[in-house]
1. Could you identify the single residue in Val34, Val76 that is open to solvent by less than 60 Å² (accessible area, probe 1.4 Å), under 15 Å from the mean Cα position of the chain (by Cα) and without any contact (Cβ under 8 Å) to a residue 60 or more places away in the chain?
2. Could you grab me the full set of residues in region 153-182 that are part of a loop (DSSP other than H, G, I, E, B), closer than 13 Å to Leu88 by Cβ and open to solvent by 90 Å² or more (accessible area, probe 1.4 Å)?
3. Residue by residue through region 56-77, note down the ones that are part of a loop (DSSP other than H, G, I, E, B) and of a type outside the set (Gly, Ala, Ser).
4. Tell me, yes or no, whether region 80-96 has at least one residue that is part of a strand (DSSP E or B) and among the aromatic types (Phe, Trp, Tyr).
5. Go through region 37-52 and give me each residue that's under 28 Å from Arg89 (Cβ atoms) and under 17 Å from the mean Cα position of the chain (by Cα).
6. Within region 5-31, work out how many residues are more than 20 Å from Phe117 (Cβ to Cβ) and surrounded by 15 or more Cβ atoms within 10 Å (Cβ to Cβ).
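The values are calculated or read from the model by the stated rules, or taken from the named source; none is laboratory data. Small disclaimer: the values here were computed from a predicted structure and weren't measured. All Cβ positions, glycine included, derive from the backbone under ideal geometry; neighbour counts span all protein chains shown. Please note that ligands, DNA and RNA were not included when accessible areas were found on the heavy atoms of the full protein model with its side chains. Shrake-Rupley method; radii C 1.70, N 1.55, O 1.52, S 1.80 Å.
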Amino acid sequence: MKITETGIKDLIVIEANVFGDERGYFYESFNEKVWKEKVGKLPNFVQDNESMSHKGVLRGLHFQQPPYAQGKLVRVIQGSVLDVAVDLRKDSKTYGQHFKLLISGDNKKQLYVPEGFAHGFLTLEDNTIFSYKCTNFYNKESEAGLLWNDKDLDIDWEIKSPILSEKDKFYKSFTTFVSPFI
C-alpha cells in the first residue's frame, strides 16, 4: 500500500497493491494492520455506503455537522469520478482549500477524507459505482453542504451543467458559511 500526502493535513491518497493475471485481479481495499503501520491513527469505520450514478452526475459538496461528522474512505468500484474534498476546519492552514483526484475502477486509488471536510464527486462514465466507508452513522438532521460551483471555492469541475439533486442546487455559499469544525 502506498500512502501519499495531499498538501492538506490528514487528507491522504491510498494506492493498493493490485495483483492481476489472466483471471482478473485481487487487492485489499482496507487492512487495519497496514493502515496503523502506514498512517497511524486508525479511523473507526461503522458504515459502508455505495451509490451508482450516470455520467455527468455531481453529488456534493456534502458533510455532516458535529457531533455526527463523518470521515470517509472513498473508492470507485466501476467507472470513474473526479473526487473533491474541501477543508472546512477553521483552525487549519488550508481552510477553504480543495483537493481533486481522479479515482477509477481501473486505477484503484482511494481518498481518505477526514471529519471537517466537505466532499463531492462528478461521475465521468455511465454506471459508475462509488463506495465509501464512514466513521459515523448517517444523521439526516446534521446533513449540510456547500454550493458545488461556489466562486470562492474556485473548483474546476470540468463541466458546466452537471446533473444535480434538488438540495445540491441550493446549498450555502462559502462566504456565508460558518464552520462548525475546529
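1. The conditions single out Val76.
2. Of the residues in region 153-182, the ones part of a loop (DSSP other than H, G, I, E, B) are 153-162, 164-165, 170-171, 173, 177-180, 182.
Now narrow it down to the ones that are closer than 13 Å to Leu88 by Cβ: 153, 171, 177-180, 182.
Within region 153-182, Val178, Ile182 meet the criteria.
3. Result: Gln65, Pro66, Pro67, Tyr68, Gln70.
4. Start the filter on region 80-96 by keeping residues that are part of a strand (DSSP E or B), which leaves 80-87, 89.
From what is left, the residues that are among the aromatic types (Phe, Trp, Tyr) are none.
The answer is no, given that none of the residues of region 80-96 is part of a strand (DSSP E or B) and among the aromatic types (Phe, Trp, Tyr).
5. Correct list: Pro43, Asn44, Phe45, Val46, Gln47, Asp48, Asn49, Glu50, Ser51.
6. Adding up the residues that qualify gives 1.
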